[in-house]
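Okay, structure first, notes after.
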Amino acid sequence: DESCCAPLPVLGRDVTVPLVTGGEVSYAALDYAASAPALQRVWDDVAAYAPYYGSVHRGAGYLSQLSTDLFENARRTVEEFLGCRPGDQVVFTRSTTDSLNLLAAALPADCQVFVFETEHHASLLPWRDARVTYLNAPRTPGEAVATLERALADRDPYGPALVCVTGASNVTGELWPVRELAAAAHAHGARIVLDAAQLAPHHPVSVSELDVDWVAFSGHKLYAPFGSGVLAGRADWLQAAEPYLAGGGASKSVARRTDGGVDVEWHSTAARHEAGSPNVIGAYSIASACKALTEAGFDSLVAREQELIARVREGLAEVPEVKVLSLFGDDAPRVGVLSFVVEGWNSSHFAAALSAEYGIGVRDGLFCAHPLVRTLLGSDPQEQGECGAPEAAPGEKSLNAIRVSFGAGTPDEHVERFVRAVR
Ligand code: PMP
């Protein structure tokens, strides 16, 4: 099944797993939304560089210089990938979660934050020390824009404000109207940060075209390994803030004062928030993935994914007990991420059966977006849905859901096996 892979082959296609029914089967990785497999190209680039890595920004030796160049070039590559504006900064972080917490730590005093309750916890929770307004779940993209506009119209017009929004939901896969939300934010003098953890692997994300102030994403969802992420965008708030971590690399000059204390001059570049020895392989692998995706072009990736989504939807529609979760309606455009419940089944047991009997890896639970999943399921916050939920009898509502997700390198066979297994 070559149709899946060219021009972006991924690792892990030859992994086999045991089945409870006996024998082995090739592993069908259908949990890209949690972590996508690495691109072969990323693996090759990292393997070619691995013998040469050295300390970044510090050493005079040849390998240190080489690593420093690769690290700083990785920043340029990400800048280009994200269509950054002149003056924007690309900060390498550990993940999307880390990026959004960094921005939360850099908010100006008295900043008001507006966030939909439907966000992933990584974009819902970091603002809790600020003045946060949680916006109710909208049922259409237009309602999202109208809800935000209403909330911003009521805000203190003189203070700083930030809107945080996801580009594509990690639960429903649905696309959010980012350009319109950015326009609404700016019309009311607010800024906006885009959580692109699920969008960037599936769609081109341009900071300047979408007109967002910051964007955050994770390497491990963008076909690179774990441990690295990006926060890119406006430099001013980041430069005005205290460093996210205090330490070497973030400090330009440190001196003892005569009164016994210590004076520090911090860098005003991205290094200000990158204290400690940086994850050069992480940054390099993100850059490698960005280059591979750019060279392959998103058009073929999107077209292939839309084919797979259509096949999954068609297959699930044949099973009357299956209910696909959606905030914006069945026809809403989405990336290759889809959640559903099966009447009469506990979702955790269902997912476990997909794994044990068919070698299919999906995710079950509330997907770190508890308020959203509870809204979609119509369940009560007091009901425990994450794990160990009781069996839902026919007619009873489920307390958690099953998520299937895919992308580059997903063969037809994995999707067909999934559809057959659900049926
Ligand atoms: N935002 C969204 C929409 C996500 O799907 C995720 C990961 N599930 C995150 C943020 C957090 O990403 P990470 O775990 O890499 O920090």
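The values are calculated or read from the model by the stated rules, or taken from the named source; none is laboratory data. Model, not experiment: these values are computed from the prediction. Virtual Cβ from ideal backbone geometry, glycine too; neighbours counted across all protein chains shown.
Structural remarks
- Selection of strands (runs of 3 or more DSSP E) fully inside segment 250-329 by the criterion of at least 3 residues being within 28 Å of the chain's Cα centre (by Cα) returns 322-324.
- Test: residue in segment 144-161 that is closer than 24 Å to GLU242 by Cα, within 12 Å of the ligand (Cβ to nearest atom) and surrounded by 20 or more Cβ atoms within 10 Å (Cβ to Cβ): no
- Matching residues, segment 339-369, being in a helix (DSSP H, G or I), in contact with a helix residue (DSSP H, G or I) (Cβ under 9 Å, 6 or more places away or on another chain) and either among the hydroxyl-bearing types (Ser, Thr, Tyr) or surrounded by fewer than 18 Cβ atoms within 10 Å (Cβ to Cβ) (or both): ALA353, GLU357, TYR358
- Filter pass, VAL78 being of a type outside the set (Lys, Arg), within 16 Å of the ligand (Cβ to nearest atom) and part of a helix (DSSP H, G or I): yes
- Filter result for VAL171 (of a type in the set (A, V, I, L, M, F, W, C), in the same structural domain as ASP211 (by TED's automatic domain parsing) and assigned to a strand (DSSP E or B)): no
- Qualifying position, being outside the structural domain of ARG234 (by TED's automatic domain parsing), over 28 Å from the mean Cα position of the chain (by Cα) and closer than 30 Å to SER355 by Cβ, among PRO37, PRO18: PRO18
- Taking segment 174-211 as the range and being under 20 Å from GLU79 (Cα atoms) and assigned to a loop (DSSP other than H, G, I, E, B) as the test, the residues that pass are ALA196, ALA197, GLN198, LEU199, ALA200, PRO201, HIS202, HIS203, PRO204, VAL205, SER206, ASP211.
- Scanning segment 87-140 for residues that are away from the ligand (no atom under 13 Å from the Cβ), in a strand (DSSP E or B), out of contact with any Pro (no Cβ under 8 Å at 6 or more places or on another chain) and in contact (Cβ under 8 Å) with a residue 60 or more places away in the chain yields a count of 4.
- Checked against the criteria, ASP195 counts as within 16 Å of the ligand (Cβ to nearest atom) and among the charged types (D, E, K, R).
- Positions within segment 46-69 being hydroxyl-bearing (Ser, Thr, Tyr) and in a loop (DSSP other than H, G, I, E, B), in sequence order: TYR53, SER55
- Extreme residue, nearest to the ligand (Cβ to nearest atom), among residues of segment 228-250 that are crowded, with 17+ Cβ neighbours inside 10 Å and of a type outside the set (A, V, I, L, M, F, W, C): GLY229
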